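Derivation of every value follows stated rules applied to the coordinates shown; laboratory data play no part. Small disclaimer: the values here were computed from a predicted structure and weren't measured. Using ideal geometry, Cβ is built from the backbone for each residue, glycine included, and neighbour counts are taken over all protein chains shown.
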Amino acid sequence: MAHAVTFTVVSDILSSVKSAFFFNGKWKTFTFSLTLECVTLCLFFVCGASAVDPDRASVSAMEGDTVTLHTGVEMNQTDRMTCYFGVNRIAEITGDQSKICADAVCKERFRDRLKLDHQTGSLTIMNTRTTDSGEYNLKITSRNINNIFNVTVHGVPAAERDEMKRKSVKEGESITLDTRVIKKPTDLMRWYFNDSLIAEITGDQSKICSDVQCKERFRDRLEVNQTGSLTITNTRTTDSGEYKLQIISSRFSIMRSFTLTVSDSGSSSVVVIVVVVLLLLLLLVPVVVYFKWQSITQCTGIRRQRGRQDRPDQRDDAQAPEQNETLMKTSNGTIQ
């Protein structure tokens, strides 16, 4: 049946060519040129050619992201794969042996930011930079497979990147971690909190906290929208930590990290109160010492004054017996 269909199509094309050549025994040059173009276009699409290379994928990432380029195969001991950045070889797998950045140029460019997966042959570029933009070719020579990726890393000012990736809120407030990506229907998005899966978005469907630990921690306080952005409502200090967004495509995946700090809403007030109390104590100590010294001084003066008053009384008391004895002697003499 397939041969019959092919023959019919070719026959129709040849008939068109023949009619283009002759009309009542005369040549039709102009019509032939147009028909020839039509035949060329027909043959082009019938043979399945396309303007887009099916083995080439475009990857768009933001500076600082982690990008993984997938081969889509399971490697075995007999496979041999070579990874190129442009025309430069950057990694190689032979059986269970691997080499990454064997030359000084590669080491200088990537600086320990490349990783290979022996089982899948996937290449991971960590902490991407704008200089990582270009063409990557994951060539599995043992299977004659070329996986070509056009990677574009967009530069972001450091202040803007920190503002987007480092979030700080007070306890009780809500916070949204924005993906800043255009989500495709076929993309799979996953959110992780300290490496634990907390949300997953596939197409229009989303799944939040599928395990007991996640449900216990967040208690219906997580939300995701159509773009995949994650919102945490009524934040708590226990929500502080690292959040990771993984965007998985059929040919590549991107990992983006966020750091969230939730501060205690009453901590600032307590700190202020403590500081004020300490300042008051520092001011009161000299005052207390001064008044204490004044009190001691006054007490000492009063004691001295009382001592002076007590001395004449003692003298009078000492002289009284003598005067009494004299009087008694005088009285005795007179009586005699």
- Message: Once you place label points 7 Å from the Cα toward the Cβ at residue 300 and residue 158, how far apart are they in nm?
- Response: 6.3 nm
- Taking a crude spin-label model, label points 7 Å out from Cα along the C-beta direction, the residue 150 to residue 231 distance in nm is 3.7 nm
- Any of 107/139; 115/165; 184/244 with alpha carbons more than 22 Å apart? Name them for me. 115/165
- Message: What translational diffusion coefficient, to the nearest whole µm²/s, does the stretch 53-119 have by Stokes-Einstein, given a Kirkwood radius computed over alpha-carbon pairs, a temperature of 37 °C and 0.692 mPa s viscosity?
- Response: 243 µm²/s
- Local net charge near residue 255, Cβ-Cβ under 9 Å (Lys/Arg +1, Asp/Glu -1): +1
- Query: Which GluC sites (Glu not before Pro) does the stretch 156-232 hold that lie in a coil by DSSP with at most 16 other beta carbons within 10 Å?
  - Reply: 173
- Which order do peptides 124-135, 62-73, 175-186 fall in by mean Cβ count within 10 Å, highest first? 62-73, 124-135, 175-186
- Note on the structure: Residues 293, 191 in order from fewest to most other beta-carbon atoms within 10 Å are 293, 191
- If you stretched the chain out fully between residue 212 and residue 130, how much longer would it get, using 0.36 nm times the residue separation minus the C-alpha to C-alpha distance? 25.5 nm
- Message: Counting only Cα atoms, I'd like the Rg/Rh figure for the stretch 165-263, Kirkwood definition for Rh.
- Response: 0.95
- Item | Inter-label distance for residue 184 and residue 287, nm, one decimal - labels placed 7 Å from Cα along Cα-to-Cβ | 7.3 nm
